[in-house]
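Structure first, then comments.
The values are calculated or read from the model by the stated rules, or taken from the named source; none is laboratory data. Remember, predicted model here, so these are calculated numbers, not experimental data. Don't worry about glycine lacking a Cβ; one is built from the backbone with ideal geometry, like all the others, and counts go over all protein chains shown.
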Amino acid sequence: LIKICGVTSAEDAELAAAAGANFIGMIMWPKAKRSVAPAVAQAIAAVAREHGAQAVGVFVDEDARTIEHRCREAGIGVAQLHGDVAREAVASLPEFLQIIYVLHADSDGVIQTLQPGELAASLGQDLSRSVEWVLVDGIVGGSGEKFDWANLQPPKQVAQRGWFLAGGLGPHNVANAVQQLHPNGVDVSSGVTGPDKLRKDAAKIHAFVSSVQQLESVPQTA
């Protein structure tokens, strides 16, 4: 599975979805340089649906009420949760929202974030709803900084549908990352941007998607 994140326009969403991305991510946190307004989020989500992709809203430390409202408003079906406040909202989010729960790894590849069940236990909560995905990123999400994959312990069987790898991925290294760690999906943002680091670069998107799809077409040996 391929997730193109940090999309800031319907045009870039079209590029990503037409190239074969399964998830189109947009930043809903207003302090981020790639954040999108509600009307733009609606347009991006509409493009994703047209191509059979899923729109993902990325939230940082927003509460459950805010996350649900903004997703309903924009027609977004997947919420990606960064920060303690957002992660703590998991149990309060409605079932119509699929969840991507973000785990942060330090530069050595050691995960520093409590996993969903651990966080719920620390809060004295029962994790009454499923978490569909976890995503492992560097300490600063969206920065394009790579961490040491060799030391990473993949978070298998933590989420219902598997895990995504993020952090410093691009067309030049995604194949190696997939072969080394075997994630269920990969996530890229800065690695497919143009010179302004905001708009997406069509050639980089196609190269990234092609690298992943070529691996998927290779028969797996026992």
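Miscellaneous remarks
- Between ARG72, ARG49, ARG34, the distinction of being touching a Gly at 6+ places or on another chain (Cβ under 6 Å) and among the basic types (Lys, Arg) belongs to ARG34 only.
- Any chance GLN214 is at pLDDT below 95, in contact with a Phe, Trp or Tyr (Cβ under 9 Å, 6 or more places away or on another chain) and of a type outside the set (Lys, Arg): no
- Region 137-154 - residue that is of a type in the set (A, V, I, L, M) and under 24 Å from LEU198 (Cβ atoms) and, of those, modelled with the lowest pLDDT: VAL140
- Flag for ARG70 being more than 23 Å from ARG161 (Cα to Cα) and touching a residue at least 60 places away in the same chain (Cβ under 8 Å): no
- Options ILE76, ILE99; residue that is modelled with pLDDT of 95 or more and part of a loop (DSSP other than H, G, I, E, B): ILE76
- Tabulated pairs, region 161-182, first of a type in the set (Phe, Trp, Tyr), second surrounded by fewer than 18 Cβ atoms within 10 Å (Cβ to Cβ), C-beta under 6 angstrom, 6+ apart or interchain: TRP163/ASN184
- Single residue of VAL60, VAL47, VAL7 found to be over 21 Å from VAL85 (Cβ atoms), touching a Lys or Arg at 6+ places or on another chain (Cβ under 9 Å) and in contact (Cβ under 8 Å) with a residue 12 or more places away in the chain: VAL7
- Yes/no for GLY20 being on the phi > 0 side of the Ramachandran plot and in contact (Cβ under 8 Å) with a residue 60 or more places away in the chain: yes
- Test result for ASP201, under 25 Å from VAL58 (Cα atoms), at pLDDT 95 or above and either acidic (Asp, Glu) or in contact with an Asp or Glu (Cβ under 8 Å, 6 or more places away or on another chain) (or both): yes
- Of the residues making up region 23-39, at least one is closer than 16 Å to ALA202 by Cβ, outside any loop (DSSP other than H, G, I, E, B), of a type outside the set (Phe, Trp, Tyr) and under 15 Å from the mean Cα position of the chain (by Cα).
- Note on region 20-47: residues that are more than 21 Å from GLY167 (Cβ to Cβ) and at pLDDT 95 or above total 13.
- Taking region 105-119 as the range and being free of Cβ contacts under 8 Å to residues at least 60 places away in the same chain and buried (at least 19 other Cβ atoms within 10 Å of the Cβ) as the test, the residues that pass are THR113, PRO116.
- Taking residues in region 80-98 that are farther than 18 Å from GLN112 by Cβ and surrounded by 22 or more Cβ atoms within 10 Å (Cβ to Cβ), and partners anywhere that are of a type in the set (Gly, Ala, Ser) and at pLDDT 90 or above, the pairs with Cβ atoms closer than 6 Å and at least 6 places apart or on different chains are ALA89/ALA64.
- Considering the conditions (1) touching a His at 6+ places or on another chain (Cβ under 7 Å); (2) closer than 16 Å to GLY25 by Cβ, ILE139 is excluded by exactly one of them, (2).
- When each of ALA207, ALA177 is tested for being modelled with pLDDT of 95 or more and either closer than 26 Å to GLN153 by Cα or not in a loop (DSSP other than H, G, I, E, B) (or both), the lone residue that passes is ALA207.
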